[in-house]
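Beneath this line is the structure, given in structure tokens, with notes to follow.
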Ligand code: UDP
Ligand code: MG
């Protein structure tokens, strides 16, 4: 069998060479046929230079793509999956937070016939606030989303060729991998590992992007938030009618008292806020439809070593969503 390792890299010049050395050592010891698929996600530092030299050093076992700009980790992973030719594919971060030593275990589980072998990380070394918020988030989101999203389970996993083909065949523009992995299903097995600290460079996650990621998770897989909006509206209308009845009753019994100025302001502001949230929610779905309807490619490739031996022609699915930029050729809008 042949194993492909997909590695999205964004500004990883500090660690990419170290990663490459370590993973080759591990794979060498395993004596398995392998290829490394690096995807440079429009890095602004010397990542691409390093990838070029790695590809030159290890011609037959390295493939790399470089995007025309930073498209994000999701498109980078998708590109890597499309590029990979192995019977099994492992997605790994470039920062060595995913210990290459676990590959052996993943392969063993793959040999037992599992299509997805998932490494679940402990949250050691994370900031406490992030850990607590993650826990809360997953508890809330799982009671609400159609697919199961597990805490600590990320993109570090082995996928069989069947699972990879299934993922590639999903054409959506807004990709939320965690949900997609869960959505495709197949025989999945999970094992725990201790989270390692980033070896060098820094994380690309800001607090704001984590919140956005959280909202993506809630909205990507169902329309239940809209359903919740309907229920909230119904509940509020019910409360309002009770309150009106109570005011009328009080006025009938005790006569008209001083007007409830504070109550009124609180209600107006509260309802205004709620309406904004609902509008935002609807807008969010419409925005997604807008992006999907443009049918733009997920990423643009400016450079690759596509001449590596053993290269398979791109699949039909890959061709329809991937635009390669060739100098002088007209570009897809
Ligand atoms: N990454 C990427 N594009 C981006 C951001 C990140 O390809 O826009 C890659 C990054 O190079 C790394 C992986 O995604 O290999 C995980 O990123 P990071 O370590 O910053 O995230 P964390 O481990 O902190 O969740
Ligand atoms: Mg990391």
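Could you please give the count of residues in the range 236-258 that are modelled with pLDDT under 85, assigned to a helix (DSSP H, G or I) and closer than 20 Å to residue 268 by Cβ?
Number satisfying all stated conditions: 1.
Going through the range 29-44 one residue at a time, which ones are surrounded by fewer than 18 Cβ atoms within 10 Å (Cβ to Cβ) and within 17 Å of residue 301 (Cα to Cα)?
Of everything in the range 29-44, just one residue is surrounded by fewer than 18 Cβ atoms within 10 Å (Cβ to Cβ) and within 17 Å of residue 301 (Cα to Cα), namely 44.
Are any residues in the range 187-214 surrounded by 12 or more Cβ atoms within 10 Å (Cβ to Cβ), over 12 Å from the mean Cα position of the chain (by Cα) and either free of Cβ contacts under 8 Å to residues at least 12 places away in the same chain or within 23 Å of residue 276 (Cα to Cα) (or both), and if so, which ones?
211 - this is the single residue of the range 187-214 that is surrounded by 12 or more Cβ atoms within 10 Å (Cβ to Cβ), over 12 Å from the mean Cα position of the chain (by Cα) and either free of Cβ contacts under 8 Å to residues at least 12 places away in the same chain or within 23 Å of residue 276 (Cα to Cα) (or both).
In the range 285-299, is there at least one residue being surrounded by 11 or more Cβ atoms within 10 Å (Cβ to Cβ), under 30 Å from residue 66 (Cα atoms) and touching a strand residue (DSSP E or B) at 6+ places or on another chain (Cβ under 6 Å)?
yes
Every residue in the range 181-221 that is within 16 Å of ligand 1 (Cβ to nearest atom) and in a helix (DSSP H, G or I), please. I'd like the intermediate steps shown before the answer.
Going through the range 181-221, the residues within 16 Å of ligand 1 (Cβ to nearest atom) turn out to be 181, 193-214, 216-217.
Selection gives 181, 207, 208, 209, 210, 211, 212, 213, 214, 216, 217.
Against the condition away from ligand 1 (no atom under 16 Å from the Cβ), crowded, with 19+ Cβ neighbours inside 10 Å and more than 16 Å from the chain's Cα centre (by Cα), how does residue 106 come out, does it pass?
Spelling it out, residue 106 is indeed away from ligand 1 (no atom under 16 Å from the Cβ), crowded, with 19+ Cβ neighbours inside 10 Å and more than 16 Å from the chain's Cα centre (by Cα).
For residue 14, are the conditions met, namely being within 16 Å of ligand 2 (Cβ to nearest atom), outside any helix (DSSP H, G or I) and more than 28 Å from residue 180 (Cα to Cα)?
Values: within 16 Å of ligand 2 (Cβ to nearest atom): yes; outside any helix (DSSP H, G or I): yes; more than 28 Å from residue 180 (Cα to Cα): yes.
Taking the combined requirement at face value, the residue satisfies it.
The values are calculated or read from the model by the stated rules, or taken from the named source; none is laboratory data. This is a predicted model, so every value here is computed, not measured. Positions of Cβ are generated from backbone atoms using ideal geometry, with glycine treated the same way; all protein chains shown enter the neighbour counts.
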